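Structure first, then comments.
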Amino acid sequence: MKKIGLVGGISWTSTVDYYRYINEGVNEKLGGLNFAECMIYSVNFDDFQRFNAEYNWDATFELLVNAAEDLKKGGAEAIVLCANTAHIVADRIAERVNLPLIDITTAVADAIHQAGLKKVGLLGTTYTMELDFYKDKLIASGIEPIIPQSQEDRDYIEDTLRNELGRGVLNPETKRQYLAIIQQLIDNGAEGIILGCTEIPLLIHQEDIAIPVFDTTKIHAKAAVSFAVQSGK
């Protein structure tokens, strides 16, 4: 089994799910008492949020690459960045650390192709929704992402991700607002919905929505499991 290094704490609430899904996935593949060989480096979420808010991607990179390098020193054979937004600097981290980096966008695009969809709604932080790093990879793979049209809606998602879901607070009114935003995306032609922040699946589930939902935490964890159990060391 290969050892996975998880860069977590971004936020801790979704890192808990990564740990659970990866261990459950390895056990499902290998059976018995087999569970994941993995390490978690949990960074300070306040640092991550502050650097992002300043659009200081160099500082974000240094925060995350230092964690990834420590995981490599501990024997990690691949790196998992446990947040969609962290993938703004994913390519730089992979180059510096010189380990396989299990990219969340690639895994999500593969899942969307398997579902046979072409146009999907994308929810996430303002960075994931508004910048090009995530959408461009989807477009390059033949997928058309659409985001909430209203700046107010995008700011609302960002605020609740930071101040509620990232702290483990699940508010029924927030869920109602998210579902209303999702319905607007469906009305605009979305065939599926990407829960493009790893905290959103804490609040929104497949049973809440009539069209396919892509839980990026589960999808990314599944990709990590596939790497971990492949033949080799």
Full-stretch length increase - residue 16, residue 176 - with 0.36 nm per residue and alpha-carbon distance subtracted: 55.2 nm
Report, ordered by chain and residue number, the aspartates and glutamates lying within cross-link reach of residue 137, taken as a straight Cα distance under 13 Å and ignoring same-chain residues fewer than 8 apart. 91, 103, 110
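Which whole-number percent gives the relative contact order of the chain, counting Cα pairs below 8 Å spaced six or more residues apart? Don't skip to the end; give the middle numbers.
Details: 389 pairs, mean separation 62.2, N = 233.
Once divided by the residue count of the chain, the mean separation gives 27 percent.
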Rounded, prolate or oblate for segment 35-122? Axes are the square roots of the Cα gyration tensor eigenvalues, ordered a ≥ b ≥ c, and the cut-off for rounded is a/c under 1.5. oblate
With label points built 7 Å along Cα→Cβ from the Cα atoms of residue 92 and residue 152, find their separation and express it in nm. 3.5 nm
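Where the eigenvalues come from the Cα gyration tensor of segment 1-47, what are the semi-axes √(5λ) of the equivalent ellipsoid, largest first, in whole Å? Could you put the intermediate results ahead of the total?
On the way: eigenvalues 113, 22, 6 Å².
Its equivalent ellipsoid spans semi-axes of 24, 11, 5 Å.
Could you give the dipole magnitude of the chain about its Cα centre, charging the beta-carbon of Lys and Arg +1 and that of Asp and Glu -1, in debye to the nearest 20?
On the way: 21 positive and 33 negative charges, 168 e Å.
Dipole size: approximately 800 debye.
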If each of residue 159 and residue 24 carries a label point 7 Å out from its Cα toward its Cβ, how far apart are those two points in nm? 3.3 nm
Label-to-label distance, nm, for residues given as residue 53 and residue 186 (7 Å Cα→Cβ offset): 3.4 nm
List the residues whose amide H sits under 5 Å from the amide H of residue 77, counting only those 5 or more places along or on another chain, with H placed 1.01 Å from N in the peptide plane. 3, 4, 5
Which Rg and Dmax, in Å, describe the Cα atoms of segment 27-78? 15.3, 47
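How big is D for the chain, in µm² s⁻¹ as a whole number, if Stokes-Einstein is applied with the Kirkwood radius of its Cα pairs at 37 °C and 0.692 mPa s? Write down the numbers at each step before the final one.
Values: Rh = 17.8 Å.
Taking Rh from Cα pairs, D becomes 184 µm²/s.
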Which value in deg cm²/dmol, rounded to the nearest 500, describes the helix-derived mean residue ellipticity at 222 nm for the chain, given -39,500 (n - 2.57) per DSSP H run of n ≥ 4 and division by the residue count? -16000 deg cm²/dmol
Calculated SAXS-style log₁₀ I(q)/I(0) at q = 0.16, 0.17 Å⁻¹ - segment 76-203, Debye, Cα scatterers: -0.81, -0.90
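Read-outs throughout are calculated quantities, based only on the coordinates presented, and are distinct from any laboratory measurement. Model, not experiment: these values are computed from the prediction. When we count neighbours, we look across all protein chains shown, and the Cβ atoms used for this are built from the backbone with ideal geometry, even at glycine.
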